[in-house]
Amino acid sequence: RTMAICRRAFDRRIELVATLPQEPVIVVGDPTQLEQALLNILINARDALMEAQVEQPLVRIEVTQIPASADNLRIHGLAGAGGITSIRITDNGPGMSAHTRSRIYEPFFTTKGVGKGTGLGLSTSLAIVKDHGGSMDCASQPGRGTAFTMYLPASDAVTPAPKNRAEPDAPPGENPHAILVVDDEETVRVP
C-alpha cells in the first residue's frame, strides 16, 4: 500500500524499488502509524532528490529479518524481542552533512524552504518507531545519498483482532467506516 501511494504521488522519474523477503514479515504494531513513519522518510527522500535535481533518482526499500542473537538485540536496543525486522530506505540524493544529521530528529528542524516542510516528519517517525519498541538510525554523507533504517521487534505469529460483534456487517460494496486525512503535504492527500 505504501509503495502504491508513492508511485501515484512521486514524480515518475523517481525509480522506486522494493526488496522484500520471500516469507511474510510480521511486526506487531499499529499499521497506520508505521505506514506514516515510512511515508515521512520516503517523502523526505523524494524532496531531497527533486530539490537536488538528481539525474536518475532512486529510492530503495529493503525489508529483512535480522537473527535474534543477543548481540543483535543489544546493538539495536531491542532487548526481549523475539526477532528484528529491518526496514531500510535509501536514496541516491545529495546526502547530509554531519551537522545536519545531528539535528534531523529535532522537532521543527528542517532544511526545506519556508512553506515546504514543518520539520516534524523525522521526529514523528522516530517517536512512532520508539513507541513500537524499536530504534532507528541514519547514515548519510554529502554527495553519497542517505539511508534510514528502522529496527522493529518481529513476531512469529499474529492473532487476528476480535471482531466487535456490536457492529453490524456492512452490505457488500459499502464501508461503514470513513477516515478523514488532513495534511498540508499535497502528496499525502491521495484521493
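Restricting the trypsin sites (Lys or Arg not before Pro) of the stretch 76-148 to loop positions (DSSP other than H, G, I, E, B) with no more than 15 neighbouring Cβ atoms within 10 Å leaves R103, K112, K116, R144. Placing +1 on the Cβ of every Lys and Arg and -1 on the Cβ of every Asp and Glu, with no other charges, gives the stretch 1-92 a dipole of roughly 160 debye about its Cα centre. Placing +1 on the Cβ of every Lys and Arg and -1 on the Cβ of every Asp and Glu, with nothing else charged, gives the stretch 1-158 a dipole about its Cα centre of roughly 400 debye.
Provide the three semi-axes, in whole Å and in decreasing order, of the ellipsoid equivalent to the stretch 24-157 as defined by the square roots of 5 times the Cα gyration tensor eigenvalues. Walk me through the numbers on the way to the answer.
On the way: eigenvalues 144, 47, 38 Å².
Whole-Å semi-axes of the equivalent ellipsoid: 27, 15, 14.
Can you pull out the chymotrypsin sites (Phe, Trp or Tyr not before Pro) in the stretch 91-145 whose DSSP state is coil and whose Cβ has at most 13 other Cβ atoms within 10 Å? Write out the running numbers ahead of the final one.
Details: sites: Y105, F108, F109; in loops: Y105, F108, F109.
Answer by residue number: F108.
Taking GluC sites (Glu not before Pro) across the stretch 1-107, the ones in a DSSP loop with at most 12 further Cβ atoms lying within 10 angstrom of their Cβ are E55.
If Lys and Arg each add +1 and Asp and Glu each add -1, what is the summed charge of the other residues whose beta carbon sits under 10 Å from the beta carbon of K112?
Details: positive: K116; negative: D47, E51.
Within the 10 Å Cβ shell, the charges total -1.
Relative contact order, whole percent, for the stretch 1-102 stands at 31, derived from Cα pairs under 8 Å and 6 or more residues apart.
Where a number appears in this text, it was derived from the coordinates with a stated rule and is not lab data. Please read all numbers here as calculations on a predicted model, not as lab measurements. In this analysis, Cβ positions are derived from the backbone assuming ideal geometry, glycine residues included, and neighbour counts consider all displayed protein chains.
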